[in-house]
Every structure is written in C-alpha cells, then in structure tokens.
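Read the structure below first, then the notes.
The values are calculated or read from the model by the stated rules, or taken from the named source; none is laboratory data. A quick note: this is a predicted structure, and the numbers were derived from the prediction, not measured. We place every Cβ from the backbone using ideal geometry, glycine too, and count neighbours over all the protein chains shown.
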Amino acid sequence: MADTRNADLTFGATDWLIHMAAVNTASPTGFADPAAAWQCLGWVTTEGGLFKVEEESQDVNAAGSLEPIRTLMTRSTKSLQVTFLEGLNPLVRSLYDNVPVTSLQPTDGVATYAFPDKPNDLRYAFLADTMDGDKRIRLYMPNGKVVERGDEQPQTEDVMPVQMTFRFYKGASSAAVTRSIDYGDVDVSGFFPAAP
C-alpha cells in the first residue's frame with residue numbers, strides 16, 4: 001500500500017467569509033464569487049466557525065439477543081457556530097435580534113425596532129467559505145436559521161462579539177448542507193483506485 005501522507009493536505013483557514021441570501025437562493029457555481037443576491041456578514045473571530053453534525057439513534061432490543069437487533073437513525077442535525085465582530089452590521093444585528101433587516105434601515109441615522117414577543121422563523125440561505133492559500137472549502141446551506149444566540153456584552157477592552165449558532169434544513173431542491181473542496185495544486189489521485 002502506498003504512503004499517501006501529504007502535509008499539503010492539512011488545512012489552516014486563513015480567512016472565513018459568511019454570506020447570506022434569501023432562502024433557497026442557488027449556490028454560486030464552483031468557487032465563483034457570490035452574486036449580488038449574497039451579502040457578506042463581515043469579520044469573524046480568528047477561531048472561524050465551528051461546524052457540527054450531531055446524530056441520534058435508537059437501538060431496537062429483542063428477546064433472545066443480548067445485543068440490539070437493529071439501530072434506527074432518528075436524527076441528524078447540522079449546525080454552525082460563528083462569532084461575528086461587526087456588532088453593528090445590519091445583517092448581523094437582524095439575525096441576532098430576529099427581525100427583518102429592513103427594520104434596521106435608519107431614519108436620520110437612527111434605527112429603532114422592537115424585539116418580537118413571539119420568535120420569528122426567519123430563514124435564509126448561507127455560504128461559508130474558508131481559504132488556505134489556493135485550497136478552499138465551501139459549505140452551502142439553502143435553508144437555515146439562528147437557533148442559539150450568545151450573550152451580548154459591549155465592553156471597553158475589545159469589540160462587542162455577536163455569537164450565533166445556525167441550524168440547517170433541507171432546501172427546496174437540495175440537501176441541508178453541500179460541501180465543495182478545491183484541493184488547489186495538491187495531487188490527490190493516489191487516493192482513488194484506477195478503474196479496472
């Protein structure tokens with residue numbers, strides 16, 4: 001068996017970009033820059049984003065067997081936790097405060113709006129792009145919403161971070177999450193057996 005170890009296959013994200021658009025907006029082709037429909041959510045912390053897949057299962061037990069006879073997959077959720085640094089970015093504020101972005105359009109430089117008494121179910125499409133030189137990873141989520149919000153703490157010693165966790169759902173015509181990888185100049189042909 002060939003040794004396929006290659007340090008160039010490590011990935012250290014040097015940048016993180018999160019974009020949002022109307023729910024079910026189509027993903028840009030390949031790694032093309034997002035079109036005008038996609039809007040950038042601004043700077044994020046150096047920790048980038050924390051993407052998680054959580055799965056739950058249920059064992060089926062039966063008489064005559066000390067081991068489960070079957071396991072049912074009951075749930076698989078995909079989420080992304082990100083801490084944004086632009087606490088006054090209207091897109092970030094609208095997601096955190098759970099109000100339409102139009103609520104943040106200022107009149108004479110000031111925007112005033114009420115937090116919803118009953119949570120809004122505001123859903124959007126999201127892109128998460130990470131880069132390491134010429135290597136890239138893109139996550140496309142056609143249907144997502146904010147499900148958790150971190151504490152808000154304006155402070156003197158640092159900017160006010162805005163932490164949110166997004167959960168993703170199946171889109172109108174695509175999976176909840178689609179990953180694209182651009183390997184850059186790294187040759188990965190040794191990982192795939194030649195056709196017989």
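The table below gives the values:
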read-out	value
Test result for PRO196, closer than 18 Å to TRP43 by Cα, not in a strand (DSSP E or B) and not hydrophobic (A, V, I, L, M, F, W, C)	no
Residue in region 177-193 that is at positive phi and not charged (D, E, K, R) present	yes
Candidate set: region 87-117, residues that are among the polar types (S, T, N, Q) and part of a loop (DSSP other than H, G, I, E, B); chosen: the one nearest to ASP158 (Cα to Cα)	ASN89
Count - residues of region 1-24 that are over 24 Å from ASP134 (Cβ atoms), part of a loop (DSSP other than H, G, I, E, B), in contact with a strand residue (DSSP E or B) (Cβ under 9 Å, 6 or more places away or on another chain) and of a type in the set (A, V, I, L, M, F, W, C)	1
Residue within region 131-142 that is surrounded by 15 or more Cβ atoms within 10 Å (Cβ to Cβ), acidic (Asp, Glu) and at pLDDT below 95 present	yes
Test: ALA175 is exposed (fewer than 12 other Cβ atoms within 10 Å of the Cβ) and either farther than 23 Å from THR29 by Cβ or not charged (D, E, K, R) (or both)	no
Residue list for region 172-183, filter: of a type outside the set (Ser, Thr, Tyr), in contact (Cβ under 8 Å) with a residue 60 or more places away in the chain and within 22 Å of THR130 (Cα to Cα)	ALA176, VAL177, ASP182
Some residue of region 54-62 being within 25 Å of PHE11 (Cα to Cα) and in a loop (DSSP other than H, G, I, E, B)	no
Region 77-127 - residue that is of a type in the set (Val, Ile, Thr) and under 26 Å from TYR140 (Cα atoms) and, of those, surrounded by the fewest Cβ atoms within 10 Å (Cβ to Cβ)	THR102
First in region 10-23 and surrounded by 14 or more Cβ atoms within 10 Å (Cβ to Cβ), second anywhere and among the aromatic types (Phe, Trp, Tyr) and modelled with pLDDT of 90 or more, Cβ under 6 Å, 6 or more apart	HIS19/TRP38; MET20/TYR124; MET20/PHE126; ALA21/TRP38; VAL23/TYR124
Some residue of region 104-124 being in contact (Cβ under 8 Å) with a residue 60 or more places away in the chain and of a type in the set (D, E, K, R)	yes
Failed item, numbered, when GLU67 is tested on (1) loosely packed, with under 13 Cβ neighbours inside 10 Å; (2) not in a loop (DSSP other than H, G, I, E, B)	(2)
Test result for ARG167, in contact (Cβ under 8 Å) with a residue 40 or more places away in the chain and surrounded by 13 or more Cβ atoms within 10 Å (Cβ to Cβ)	yes
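Here's the yes/no breakdown for (1) among the basic types (Lys, Arg); (2) surrounded by 11 or more Cβ atoms within 10 Å (Cβ to Cβ); (3) at pLDDT below 90; (4) assigned to a loop (DSSP other than H, G, I, E, B):
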{"site": "ALA26", "(1), (2), (3), (4)": "no, yes, no, yes"}
{"site": "PRO34", "(1), (2), (3), (4)": "no, yes, no, yes"}
{"site": "GLU47", "(1), (2), (3), (4)": "no, yes, yes, no"}
{"site": "ARG75", "(1), (2), (3), (4)": "yes, no, yes, no"}
